[in-house]
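Contents: one structure, followed by commentary.
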Amino acid sequence: MAGAIIENMSTRKLCIVGGILLVFQVIAFLVGGLIAPSPTTAVPYMSVKCIDVRKNHHKTKWLMPWGPNHCKKLKDFDEAVSRQIEANDIVFAVHVPLPSKEMSPWFQFMLFIMQLDIAFKMDNDLKENAEITLDVSLAYRDDMFNDWEEIAHAIEIRKLKCTFGSPKTVESEGRHYDCDFLPFMEIGSVAHKYYLINIRLPVNDRKGINVGIGEIKDIRLVGIHQNGGFTKVWFAMKTFLTPSILIIMVWYWRRITLMTRAPVLLEKVIFALGISMTFINIPVEWFSIGFDWTWMLLFGDIRQGIFYAMLLSFWIIFCGEHMMDQNERNRLSGYWKQVGPIAVGSFCLFIFDMCERGVQLKNPFYSIWTTEVGTELAMAFIIVAGICLCLYFLFLCFMVFQVFRNISGKQSSLPAMSKARRLHYEGLIFRFKFLMLITLACAAMTVIFFIVSQVTEGHWKWGDITIQVNSAFFTGIYGMWNLYVFALMFLYAPSHKNYGEDQSNGDLGVNSGEELQLTTTITHVDGPTEVYKLARKEAQE
């Protein structure tokens with residue numbers, strides 16, 4: 001009778017904890033949907049054609065598109081032809097941000113894509129597989145009257161992918177090609193108020209530089225940066241969640257160290273998962289408000305990669321430790337076949353990120369996708385990572401199937417037990433299935449919400465209330481995985497409650513005073529889990 005009461009209390013506590021976590025989950029979505037603005041803003045920029053007829057252009061002067069010291073401008077290239085101004089003397093200038101505005105460190109990053117307006121002309125047609133060479137420079141200043149300071153200068157090549165919807169005849173001259181956007185620049189911090197971009201298209205007939213690229217009319221840029229309001233909400237969430245996970249981690253590990261046995265594999269993996277979650281949560285981004293840390297994007301990718309690698313590894317080990325067969329468990333080496341693809345895939349994605357954002361720390365105009373070798377290398381890393389991911393999910397699905405099949409088969413032994421012990425075992429099995437369903441629900445919500453955020457317009461309007469779907473996706477999913485890790489450590493921390501003598505003897509020969517706890521790893525000093533012992537005893541029979 002006492003065991004049934006304890007089991008009912010445990011189930012009730014589980015329901016209470018689940019309800020509290022659900023409330024926090026709803027709050028996480030609402031914070032993004034109702035409080036935070038859209039995560040990013042896209043700002044279009046039209047370049048201004050400036051004239052610079054001096055030698056060694058990029059070493060002498062920065063050309064401003066507007067303001068008191070603006071450059072000498074050209075309306076169009078027809079004016080340049082009439083004034084006999086060569087293509088090498090034309091500079092496309094873009095000032096970021098637009099007039100009467102300032103950039104802010106709260107914007108976190110800047111991403112620029114380029115669109116070329118290329119007109120068809122019979123005597124200057126766009127060749128197939130044409131490449132455009134860009135001589136680009138980036139500078140900054142924090143006062144409208146200070147001199148510009150150079151950040152980066154590079155000569156970059158971009159492949160043109162354009163289509164022309166009309167027949168290439170004289171009547172079609174002047175019509176524009178439909179060209180794909182080109183990656184232009186990415187910088188991982190916005191530490192200054194004003195930025196200036198100067199773009200040149202050097203022409204060299206002898207070397208074939210910028211020959212056969214059609215008649216370029218204009219260069220447009222689209223700048224994308226994080227919204228300052230969203231950044232503040234994001235930082236606030238990180239600041240709140242960091243101590244929450246740290247506290248539960250300390251409590252969880254203290255419960256483990258109070259046991260007279262050493263920590264088992266699953267307990268170590270759950271603790272490592274908490275560490276990786278804390279690594280993501282620690283709001284080091286606050287320092288980016290005062291320091292020009294351009295490596296923050298790369299650092300963020302590395303943190304997320306570590307967490308997802310740990311999460312995938314946890315799922316494999318969690319299933320394996322509940323396999324309830326006669327194989328020796330509780331050793332990481334026993335999972336090398338399943339964890340190996342995770343390690344290989346994570347390493348490939350890390351190398352890909354270093355080849356992209358790692359190089360951008362020195363050259364923000366670099367893109368691995370702009371050359372054939374770079375594209376093939378990037379695709380190779382992504383394909384290998386994709387294959388590893390597929391192998392992983394095959395392993396995971398197979399192990400989940402085996403666990404559920406084994407548990408269902410072992411439940412035939414439950415009716416022969418006393419009522420209290422049977423309720424205890426049924427509770428353990430129920431909680432394992434419950435956690436598996438919660439895991440699937442979290443994964444499904446991540447995928448579904450991501451798809452919804454991509455296919456919608458970014459916000460929903462219900463009367464006077466506007467819900468930012470994309471912001472809700474980021475804050476909700478981020479909060480969800482924090483709650484998932486929190487729940488794991490809370491529910492699977494070792495307990496020190498005992499059955500008592502009357503429920504401990506007889507069934508399966510279990511020692512008296514076994515600890516009643518939610519964990520399904522090793523639950524007492526002398527041996528494996530109760531569910532594990534139940535399964536192994538029947539297998540031996």
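Restricting attention to region 365-400, and to residues there that are of a type in the set (Ser, Thr, Tyr) and in a helix (DSSP H, G or I), which single residue is nearest to residue 131 (Cα to Cα)? First the steps, then the outcome.
Restricting attention to region 365-400, the residues satisfying the condition of being of a type in the set (Ser, Thr, Tyr) are 366-367, 370-371, 375, 392.
Next, from what is left, pick out any that are in a helix (DSSP H, G or I): 370, 375, 392.
Working: 370: 10, 375: 15, 392: 40 Å.
By that ranking, first place goes to 370.
What's the total number of residues in region 247-270 that are assigned to a helix (DSSP H, G or I), closer than 15 Å to residue 493 by Cβ and hydrophobic (A, V, I, L, M, F, W, C)?
In the first step, residues of region 247-270 are kept if they are assigned to a helix (DSSP H, G or I); the result is 247-257, 265-270.
Restricting the remaining residues to those that are closer than 15 Å to residue 493 by Cβ gives 247-257, 266-270.
Applying the additional criterion that residues be hydrophobic (A, V, I, L, M, F, W, C) yields 247-251, 253, 256, 266, 269-270.
Matching residues across region 247-270 total 10.
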Next on the checklist: What are the pairs with Cβ atoms under 6 angstrom where one residue, in region 386-399, is over 11 Å from residue 315 (Cβ atoms) and the other, located anywhere, is modelled with pLDDT of 80 or more and surrounded by 13 or more Cβ atoms within 10 Å (Cβ to Cβ)? Sequence gap at least six, or different chains.
Outcome noted: 388/341; 388/344; 388/345; 389/345; 391/341
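Please pick out the residue among 151, 157 that is open to solvent by 60 Å² or more (accessible area, probe 1.4 Å), part of a strand (DSSP E or B), under 30 Å from residue 300 (Cα atoms) and touching a helix residue (DSSP H, G or I) at 6+ places or on another chain (Cβ under 7 Å).
Values: 151 fails: touching a helix residue (DSSP H, G or I) at 6+ places or on another chain (Cβ under 7 Å).
Only one candidate qualifies: 157.
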Next on the checklist: Please determine whether any residue of region 314-327 is open to solvent by 50 Å² or more (accessible area, probe 1.4 Å), on the phi < 0 side of the Ramachandran plot and at pLDDT 80 or above.
Outcome noted: no
Checklist entry - Could you say whether any residue in region 163-171 is surrounded by 11 or more Cβ atoms within 10 Å (Cβ to Cβ), in the same structural domain as residue 123 (by the TED database), touching a strand residue (DSSP E or B) at 6+ places or on another chain (Cβ under 8 Å) and basic (Lys, Arg)? => result no
Checklist entry - Only one of (1) outside the structural domain of residue 485 (by the TED database); (2) at pLDDT 85 or above; (3) in a helix (DSSP H, G or I) is not met by residue 78, so which one is it? => result (2)
Checklist outcome for this item: Checking 182, 196 in turn, the sole residue that is more than 27 Å from the chain's Cα centre (by Cα), in contact (Cβ under 8 Å) with a residue 40 or more places away in the chain and not assigned by the TED database to the domain that holds residue 296 turns out to be 196
Checklist entry - Among the residues of region 349-377, which ones are among the small types (Gly, Ala, Ser) and modelled with pLDDT of 85 or more? => result 358, 367
Checklist entry - Applying the selection to region 252-265, what residues are open to solvent by less than 40 Å² (accessible area, probe 1.4 Å) and in contact with a His (Cβ under 9 Å, 6 or more places away or on another chain)? => result 259, 261
Checklist entry - On the given criteria, is residue 203 surrounded by fewer than 18 Cβ atoms within 10 Å (Cβ to Cβ) and of a type in the set (A, V, I, L, M)? => result yes
Checklist entry - If you scan region 65-95, which residues turn out to be among the basic types (Lys, Arg) and either within 11 Å of residue 50 (Cβ to Cβ) or surrounded by 13 or more Cβ atoms within 10 Å (Cβ to Cβ) (or both)? => result 72, 73
Checklist entry - residue 295 versus (1) in contact (Cβ under 8 Å) with a residue 60 or more places away in the chain; (2) open to solvent by less than 60 Å² (accessible area, probe 1.4 Å); (3) not assigned by the TED database to the domain that holds residue 162: which is the lone unmet condition? => result (2)
Checklist entry - All but one of (1) out of contact with any helix residue (DSSP H, G or I) (no Cβ under 8 Å at 6 or more places or on another chain); (2) in a loop (DSSP other than H, G, I, E, B); (3) open to solvent by 30 Å² or more (accessible area, probe 1.4 Å) hold for residue 103; which doesn't? => result (3)
Checklist outcome for this item: Expected output for region 241-270 (first residue closer than 29 Å to residue 284 by Cβ and outside the structural domain of residue 330 (by the TED database), partner in a loop (DSSP other than H, G, I, E, B) and at pLDDT 90 or above, Cβ below 6 Å, 6+ apart or cross-chain) is none
Item to check | From the options 227, 210, residue that is closer than 25 Å to residue 297 by Cα and crowded, with 20+ Cβ neighbours inside 10 Å | outcome: 227
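Would you check which residues across region 106-130 are closer than 30 Å to residue 38 by Cα, open to solvent by 40 Å² or more (accessible area, probe 1.4 Å) and among the aliphatic types (A, V, I, L, M) and list them?
Taking region 106-130 and keeping what is closer than 30 Å to residue 38 by Cα, we get 106-117.
Right, trim to open to solvent by 40 Å² or more (accessible area, probe 1.4 Å) and you get 106, 111, 113, 115.
Answer for region 106-130, where residues must be closer than 30 Å to residue 38 by Cα, open to solvent by 40 Å² or more (accessible area, probe 1.4 Å) and among the aliphatic types (A, V, I, L, M): 111, 113.
Determine if region 38-49 includes at least one residue that is within 27 Å of the chain's Cα centre (by Cα), under 30 Å from residue 287 (Cβ atoms), modelled with pLDDT of 80 or more and assigned to a helix (DSSP H, G or I). Full working, then the answer.
Taking region 38-49 as the starting set, the residues that turn out to be within 27 Å of the chain's Cα centre (by Cα) are 38-44.
Now restrict to residues that are under 30 Å from residue 287 (Cβ atoms): 38-43.
When the remaining residues are screened for being modelled with pLDDT of 80 or more, the result is 38-43.
Those left that are additionally assigned to a helix (DSSP H, G or I): none.
No; the residues of region 38-49 include none that is within 27 Å of the chain's Cα centre (by Cα), under 30 Å from residue 287 (Cβ atoms), modelled with pLDDT of 80 or more and assigned to a helix (DSSP H, G or I).
The values are calculated or read from the model by the stated rules, or taken from the named source; none is laboratory data. Remember, predicted model here, so these are calculated numbers, not experimental data. Here the Cβ is made from the backbone with ideal geometry for all residues, glycine too, and neighbour counts use every protein chain on show. Just so you know, the surface numbers come from the protein's heavy atoms only, side chains and all, with ligands and any DNA or RNA stripped out. Shrake-Rupley method; radii C 1.70, N 1.55, O 1.52, S 1.80 Å.
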